[in-house]
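Notes for the one structure printed next.
The values are calculated or read from the model by the stated rules, or taken from the named source; none is laboratory data. Keep in mind that what you see is a predicted model, and the values were worked out from it rather than measured. Please note: Cβ atoms are built from the backbone with ideal geometry, for glycine as well, and neighbour counts cover all protein chains shown. Heavy atoms of the whole protein, side chains included, go into the accessibility calculation; ligands, DNA and RNA do not. Shrake-Rupley method; radii C 1.70, N 1.55, O 1.52, S 1.80 Å.
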Amino acid sequence: RNVDPTFTNLPASESITENVAVGTTVFQPVAADTDVTDVLEYYAQFNPSYGAKLFTVNPNTGEVLTSANIDYDVIGDPSIAIFITVSDGKWFDTQRLIVNIGNENETPVIAQKYFKIMRDEGVSGDSFPGIRYDVEDPDIASVNDVMLYTKDCGADNSRVTISSSTGVFSFNGDYDLDDASNPTDFTCTVTVTDSDGLTDTCIVDVRVDYVNEFTPTFTQSSYDITVLYTELVGTIILSVSASDQDLGEHGDFYYEIINAEKLFGIFQNGSIFVNTDLIIHYPNGHVVFITVKAEDTGGLFSTITVNVTIPSSIVESTTTEKPLTFFEYQMNMVAYEIAAAVVAACLLVSIFFACRYIRRKPPVTEVKAMTLPQVPENGAKNGIVDKSNDNGDVNSVNNPPSNNEEPQIRVRPLFNIEGPRTADGGMRSPPPAYNL
C-alpha cells in the first residue's frame, strides 16, 4: 500500500526585505514519505500571480528562492501566498507558505545636480522661482517618506532663506543692489534629507538683478542762451548735466536732442554744439526751442528745454552787456589776420627788391667839358650872336659847320630884354652871349 507524502513544516510564513539578491533562499519545505523508493517532485502556485515573477520553487528539493529583484515600492500587495505541492507520482500534499516583503529605506536622489535661479532685487520675503529638484525616492510614494531641504551659502547664507518642505528660496531682508554690500551673485549647496537621514545634494546659483528705480535727473530745469548766427560749426554753446542714482547698467544713460537736431547736436558729455551754418537758416534772427532728453538703459527718461535766441545781424542792444570791440568780434579778427598777412608779404617783397637795387653799381658815363666861345661886345646887338670866320664873313645860322669846325649856335632870347640905360637915356651894351 502507498504511503502519501506530507509536509512537516508547512503551513508557515516567512519575511524578507526588498532588494535582496536574486537567488536568495526564502524557505526550505520538508516532506515525509515512508516509501523510500518514491521520488518526490515539487511545484507551486502564487497568489497574487505576479509572485511567480519574484519567486521560484526548486522541483527536486522544494526550496523557495527569489528569482528577480524585489522592489517594495512598485509591487501591489507585499504579502505573497505560495501554494507548494509535493507529489510521489501517486498522491500529493499541498500546503501554503506566506512570504511577507518588507520595505527598505532608499537614498533620495536629486535628478539634476546644478540649478540657477534669478529675480530682481526686492523686499524681505520676496521669493525666487521654484526649483524642480525632481528627487527620486520610491519611499515617498510607498510609505510617505518626507523630504527636508536645507542650504549652505557660505558667507552669504543669511541673505536668503529656504523652505524646508519645497526648497524655494526667499529674501531674508530687503535686498537693494544700490547698496554695494549686496552681491548680485552667490552660490548655495542644497541638501535633501529623508526621514531616515539619507541625503543627496545639488548646487544652486543665485542671481539678483538690478531694478531700474530712478529716472535720470537734470541739474537745471531749463536754459536761456544767445547764439550768434556767425558761430562756426562745431562751436560748443552750452553744457548740460544729468545724474541717475541707479547702480549697474540702469545707472548708464545717454543724451539726445529730440528736435532741432539739424541745427544743434549734443555730445555724450552733455555739450551742445552748432551742427550747421545758422546764417543759412536764420539770417534775420530767430528763437529756437531745443528739447534735450536723458534716457537710461531701462527706458526711463527726463527732458529739459533750452531756449536759443539767434539775434539778427543788426540788433539794438537792450541789455547792459558790454558791446564787442573790433578785436573781440570773431569775423573781424579773421579779416584782420588775413590783411596783416598780406601787408607783411608785400613789405617783405619790397625790402627784397630794395636791397637788390642798392647793391647794384650805377653805369659810368664820360662827361666832356664844355668850351664857352668868346664873343665881342659889338657883335651882340639885340641879343643876336653870330659866329664869323677869320676873314670877317658872317654865316647864316642855317649853314652847317664843316667837319673840322665846332657847331656854331646862335641864341636868340625868347623875350626882347633891354639892358639898363645910361645916364643920358642910352642903352647899355647887353651882356655877352655864349657859344654852347
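Could you tell me what percent of the accessible area of segment 57-173 is made up of carbon and sulfur, with a 1.4 Å probe and every protein chain present?
Accessible surface attributable to carbon and sulfur in segment 57-173 totals 50 percent.
With labels modelled as points extended 7 Å from the Cα through the Cβ direction, what inter-label distance (nm, one decimal) is found for R132 paired with W91?
So the two model labels end up 6.6 nm from each other.
Extension gain S170-S79, at 0.36 nm per residue separation less the Cα-Cα distance, in nm?
The span from S170 to S79 would gain 28.2 nm if fully extended.
Per-residue counts of other Cβ atoms within 10 Å, averaged by peptide: what ranking do you get for 223-233, 296-306, highest first?
The packing order, highest mean first, is 296-306, 223-233.
Tell me, what is the per residue accessible area of segment 144-278 in Å², probe radius 1.4 Å?
Heavy-atom SASA per residue in segment 144-278 reads 50 Å².
Could you compute the FRET efficiency for S181 and T235, with r as their C-beta to C-beta distance and R0 at 51 Å, rounded to 0.05?
0.65
What is the sum of charges around D38, taking Lys and Arg as +1, Asp and Glu as -1, for the other residues whose C-beta is under 11 Å from the C-beta of D38?
Net charge in that neighbourhood comes out at -4.
Per residue, how much accessible area does segment 6-102 show when a 1.4 Å probe rolls over the protein heavy atoms, in square angstrom?
I get 52 Å² per residue for segment 6-102.
How much net charge surrounds Q28 when only other residues with a Cβ under 13 Å from its Cβ are counted (Lys, Arg +1; Asp, Glu -1)?
-2
Set the Förster distance to 60 Å, then compute FRET efficiency between V287 and A341 from the Cβ-Cβ distance, nearest 0.05.
0.95
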